[in-house]
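Here is the structure we will look at, set down as structure tokens.
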Ligand code: NAD
């Protein structure tokens, strides 16, 4: 197939999808893996808006323009094993000489010198076609659809249940805003954890997408109807989820007025981006889309005020007994800018529930079957259960995921694994490929939301024991470690999750194609990557991380 035929078949904007099966289109499997994952990220089944190349998380993109997407495909199809492609904010800008065990692609997205690291400056550059927003896994080509955050969300709700409700979320009501690419995991995560769930989104199309992919049970446009359904379900202890079309600030106002106090309250609207993400109070979606274009500054002001109002109601419900936490979208900081001085009385989810996992080098390990065959994921699930028979929690998760998760695009799986486990799993997967037990290579990656790959003082590194929340040497070391180790592609981004100026973070993806080269790279990368998490938390004074450092021979 010629390059042009390939583009007509798989990358004819806006219709993108990944090739499947064992046939190579690029010159080698590492380049083919990057090609398939890039196309998968922007395919209709996976991306929130392929027309605009938006994958998830507000305006998180995988390529800057359709022309850049085309060029990336052309270059990956012809990339040699001793070359590495350079991507600057979604645009291919060159190739360098490297070697077979070096990353095939080096990606830098949305990075700005700190003094200029604001949405205002970024949006000016974006308007001039000079930058794109990479979010976390959008621009680093390892987004796997809503499943990517499902387990993390499930673990968070379950941890909240253990801490506040004796481990039982039946008869408990969870309320949240935002049912987009990541927020759409909330209904399924909450019901998997046993709770009743109400999710509110201004965009009915987003809610429909969650119904289609079986993440949500029911949708309604009517507040009264939604409340009748959720209250009846909560009283009966039924784990069902309802998506309500509306503005979350308005719905919380109604809950306060009606004296309905959720047991758990959080939010995953795209608050990290006040202009292109959050929808202000008092306007319908088409009005918001018009104002965004016509007067972004007025829009920004309205957004900040609305976030203050929204958080004001969250604080009131917190006072009335809702277990309330920030879910990593920087809502508190923007609400504070909009005038809600007490916004930070709401705790962040990482210090509350996730940091102990980070101290064990745990994080959102994920893998994708490049064959496109769902059976390959079943084989990997079973192999993992055999590898870690003592890990009942992981077994339960994999069994649940098998039944409940509908794949989006190439079949994939997420499963949080820790130091030691990630390396064992990676080598096992490479063996499965080598022995033909799966029908094609697997790629292994993770979110940038991981133990040693991110500096984000309002999220992953909020409230560090030694006050080192804003130190971004760590994600840079993580990037360099993964490049040296031989990840198949690496990335460094700014502003993911919480917006411009608030975070810096690194990503990595590594191929298991059954080769000895892959064995060597997997051994290095899947050791080094979680080790950075242990080093980072041990250095900050966390005792469990220090114990783990001793156990894994990482004390220096
Ligand atoms: P998205 O852009 O795909 O979806 C956001 C949704 O919020 C959209 O459907 C939009 O219609 C809706 N929305 C915006 N303003 C609203 C309002 N006022 N009321 C009701 N709905 C509103 O984004 P996403 O990928 O779902 O991510 C959501 C947020 O969560 C982002 O800020 C992202 O950075 C953050 N995030 C958190 C985690 C985590 O681990 N907690 C992980 C990934 C992303």
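Regarding region 217-237, can at least one residue be identified that is more than 28 Å from the chain's Cα centre (by Cα), away from the ligand (no atom under 16 Å from the Cβ), modelled with pLDDT of 95 or more and not in a helix (DSSP H, G or I)?
yes
Regarding residue 93, is this residue surrounded by fewer than 21 Cβ atoms within 10 Å (Cβ to Cβ) and farther than 23 Å from residue 524 by Cα?
Considered against the rule, which asks whether it is surrounded by fewer than 21 Cβ atoms within 10 Å (Cβ to Cβ) and farther than 23 Å from residue 524 by Cα, residue 93 comes out as yes.
Kindly provide the set of residues from region 323-340 that are part of a helix (DSSP H, G or I) and within 15 Å of the ligand (Cβ to nearest atom), ordered by number.
Those that are part of a helix (DSSP H, G or I) and within 15 Å of the ligand (Cβ to nearest atom): 331, 332, 333, 334, 335.
Counting only residues that are within 12 Å of the ligand (Cβ to nearest atom), in a strand (DSSP E or B) and without any contact (Cβ under 8 Å) to a residue 60 or more places away in the chain, which one in region 238-261 is nearest to residue 306 (Cα to Cα)?
Checked region 238-261; the qualifying residue nearest to residue 306 (Cα to Cα) is 245.
How many residues are within 16 Å of the ligand (Cβ to nearest atom), within 16 Å of residue 190 (Cα to Cα) and not in a helix (DSSP H, G or I) if we restrict to region 137-173?
Residues in region 137-173 being within 16 Å of the ligand (Cβ to nearest atom), within 16 Å of residue 190 (Cα to Cα) and not in a helix (DSSP H, G or I): 1 in total.
Select from region 269-322 the residues that are within 13 Å of the ligand (Cβ to nearest atom), under 14 Å from residue 252 (Cα atoms) and in a helix (DSSP H, G or I) and list them in ascending order.
Answer for region 269-322, where residues must be within 13 Å of the ligand (Cβ to nearest atom), under 14 Å from residue 252 (Cα atoms) and in a helix (DSSP H, G or I): 306, 307, 308, 309, 310, 311, 313, 314.
Do any strands (runs of 3 or more DSSP E) lying entirely in region 70-111 carry at least 3 residues that are within 25 Å of the chain's Cα centre (by Cα), and which ones are they?
Once the strands (runs of 3 or more DSSP E) in region 70-111 are filtered for at least 3 residues that are within 25 Å of the chain's Cα centre (by Cα), what remains is 83-88, 105-109.
Which count do you get for residues in region 215-238 that are crowded, with 18+ Cβ neighbours inside 10 Å and more than 14 Å from residue 200 (Cβ to Cβ)?
Qualifying residue count for the region: 4.
Identify, from the list 265, 302, 291, the residue that is out of contact with any strand residue (DSSP E or B) (no Cβ under 7 Å at 6 or more places or on another chain) and either buried (at least 19 other Cβ atoms within 10 Å of the Cβ) or within 19 Å of residue 117 (Cα to Cα) (or both).
Going through 265, 302, 291 in turn, just one is out of contact with any strand residue (DSSP E or B) (no Cβ under 7 Å at 6 or more places or on another chain) and either buried (at least 19 other Cβ atoms within 10 Å of the Cβ) or within 19 Å of residue 117 (Cα to Cα) (or both): 302.
Considering only region 174-195, state which residues are closer than 21 Å to residue 313 by Cβ, touching a helix residue (DSSP H, G or I) at 6+ places or on another chain (Cβ under 8 Å) and either within 11 Å of the ligand (Cβ to nearest atom) or part of a loop (DSSP other than H, G, I, E, B) (or both).
176, 177, 178, 179, 180, 186, 195
The values are calculated or read from the model by the stated rules, or taken from the named source; none is laboratory data. Everything quoted here is computed from the prediction, not taken from an experiment. Cβ sites come from the backbone with ideal geometry, for glycine too, and all protein chains shown count toward neighbours.
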